[in-house]
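Inspection log for the structure reproduced underneath, given as structure tokens.
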Amino acid sequence: MTTAMNYRRLGRAGLKVSELSLGSWVTFGGQVGDGATEACMTAAYEAGVNFFDGAEVYAKGQAELAMGRVLKKQGWRREGLVLSTKLFWGGDGPNDVGLSHKHVIEGFHAALRRWQVDYLDLCFCHRPDPNTPIEETVRAMDVLVRQGTLFYWGTSEWSAADVETAFAVAKANHLTPPTMEQPQYNMLVRDRLEKEYAPLFEKHGYGTTIWSPLASGVLSGKYDAGVPPESRLALSTYDWLKEKLLAPATLATSKALAPLAQALGCTRAQLAIAWCLKNPNVSTVITGASRAEQVAENVKALSIVPRLTPEVMARIEGVLQGTSR
Ligand code: NDP
């Protein structure tokens, strides 16, 4: 199986992101230690992954600290990397959260220190902030871009209407508009990216760095027969996620995809990731991994993409719509 990495433009921007990227939610700085973090990042890097995704909230800052230590130790060329942070849930004080000018600037500089870098490529507004005017956030992001410490800013789980407002404010005031959104997108959660965001792709060429391609592992089939002890949904702090994801209908959909994966000669995880890559509005699929073997398995999804012919996609659609289960 060939697994050569491809690079896509981040929407209309000139920046190229690897089709598969690696994120740090739950895993780095929390569920797993520095050894596993380094093993996963190295396996990804060696497979051609250039984008590593962080957030101030992940393991309360420990995720970015852990990834920063790996970058320092490995000495990978900074120009070959695309690094991100996400701001919104920064801490306990009233000004350590949200998207105010104060928290955007302070939170961003704290992320630079955790990553141990002079600049970051991407900074996302991790959620919309109803307590800050969008114009204030756009102005703060513009300051960072003009200072040269940030290259592109974007949104995560914003409504299309709020993104449109950000574009309008940027245009009217000659400020830097957003470049990309970070939405959930997988075989189980599709509407926002496929329907609500369609005008953003058409009008603005908005990029996307999509998250949870395996629905936290459910689409790999690992939860078919219960919750394995060493898995995400066995972590007591993620009980809320377990309840949401292990619904009988969800598990039935995941199981029904098994014969399709088998026919293609791939694992269910590879099928789920390849399916995300078939969508041209996906700039990069952010994967997650608690061990390097998962990274190795997941990058092989690249070789499955060409096998997802219109006929195979129609069969998958039948399963997802519940018409051929
Ligand atoms: P996935 O849905 O791909 O889930 C990843 C988890 O699934 C792994 O940590 C691992 O968990 C398990 N897994 C991975 N590969 C396999 C495999 N081949 N076989 C079996 N199990 C596997 O992605 P995430 O939910 O982690 O999301 C990816 C990234 O997206 C995050 O790290 C983060 O950077 C970003 N994100 C952004 C959000 C936002 O609001 N903007 C929200 C959530 C994520 P285990 O081994 O422990 O079971």
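Each value in this text was obtained by applying a stated rule to the coordinates, not by laboratory testing. Predicted model, so just to flag it, every value in this text is computed and none were measured. Every residue, glycine as well, gets a Cβ built from its backbone with ideal geometry; the counts of neighbours run over all protein chains shown.
Using all Cα-Cα distances in the range 1-156, what percent lands in each 10 angstrom bin from 0 up to the longest?
11, 41, 35, 12, 1, 0
For the chain, set up a Gaussian network in which alpha carbons nearer than 10 Å are linked by springs, and say which option among 75, 33, 205 fluctuates the most.
Per the Cα network of the chain with a 10 Å cutoff, 75 tops the list.
Multiplying the sequence separation of residue 77 and residue 109 by 0.36 nm and subtracting their Cα-Cα distance, what value in nm do you get? Don't jump to the answer; show the numbers that get you there.
Numbers: separation 32, 0.36 × 32 = 11.52 nm, distance 2.12 nm.
Here the answer is 9.4 nm.
Give me the percent of Cα-Cα pairs in the chain that sit more than 34 Å apart, rounded to a whole number. Don't skip to the answer; put the middle values down first.
Numbers: 10646 of 52650 pairs.
Across the chain, Cα pairs with separations above 34 Å total 20 percent.
In degrees from 0 to 90, rounded to the nearest 10, what is the angle of the helix 101-115 Cα long axis to the longest principal axis of the chain?
Its long axis makes an angle of about 60 degrees.
Would you mind calculating the relative contact order of the range 223-323 from Cα pairs under 8 angstrom and at least 6 residues apart, reporting the percent as a whole number? Mind showing how you got there, number by number?
Numbers: 55 pairs, mean separation 26.9, N = 101.
Answer for the range 223-323 is 27 percent.
If you wrap the range 1-77's Cα atoms in a convex hull and average its projection over all directions, what's the area in nm²? Walk me through the intermediate numbers first.
Numbers: hull surface 23.8 nm².
Hull-based average projected area comes out at 6.0 nm².
222 nm [θ] for the chain, helices only, -39500 (n - 2.57) per DSSP H run of 4+, per residue, to 500? Write down the numbers at each step before the final one.
Numbers: 12 runs with 128 residues, N = 325.
The helix-only estimate for the chain comes to -12000 deg cm²/dmol at 222 nm.
What order do you get for 60-72, 91-103, 182-194 when each peptide is scored by the mean count of other beta carbon atoms within 10 Å, highest first?
Values: 60-72: 20.3, 91-103: 15.9, 182-194: 18.3.
Peptide ranking by packing, descending: 60-72, 182-194, 91-103.
Can you tell me the 0 to 90 degree angle between the C-alpha axis of helix 310-320 and the longest principal axis of the chain, rounded to 10?
90 degrees
How do 140-149, 286-295 rank on mean C-beta neighbours within 10 Å, highest first?
Put in order of decreasing packing, that is 286-295, 140-149.
If you fit an axis through the alpha-carbon atoms of helix 160-173 and take the longest principal axis of the Cα set of the chain, what angle between them do you get, 0 to 90°, nearest 10?
It works out to around 30 degrees.
Please list 131-139, 76-84, 308-316 highest first by mean number of surrounding beta-carbon atoms within 10 Å per residue. Mind dumping the intermediate values first?
Working: 131-139: 18.1, 76-84: 15.4, 308-316: 13.4.
With the highest mean Cβ count within 10 Å placed first, the list reads 131-139, 76-84, 308-316.
How many nm is it between the label spots at residue 192 and residue 240, if each spot is 7 Å from the Cα in line with the beta carbon?
Between residue 192 and residue 240, the simple spin-label model gives 1.5 nm.
If I take every Cα pair under 8 Å that is 6 or more residues apart in the chain, average their sequence separation and divide by the length, what percent do I get for the relative contact order? List each step's numbers first, then the result.
Details: 591 pairs, mean separation 67.1, N = 325.
The value is 21 percent.
Each label point is 7 Å from the Cα along the Cα-to-Cβ direction; what then is the distance between the points at residue 252 and residue 305, in nm?
With each label placed 7 Å out from Cα toward Cβ, I get 3.3 nm.
Once every Cα of the range 176-322 carries one equal point scatterer and solvent is ignored, give the base-10 log of I(q)/I(0) from the Debye formula at q = 0.14, 0.17 Å⁻¹, two decimals.
The computed values of log10 I(q)/I(0) come out as -0.69, -1.00.
Tell me the Kirkwood radius of the range 79-162: reciprocal of the mean inverse pair distance over distinct alpha-carbon atoms, in Å.
Working: mean 1/r = 0.0782 Å⁻¹.
Here the Kirkwood hydrodynamic radius works out to 12.8 Å.
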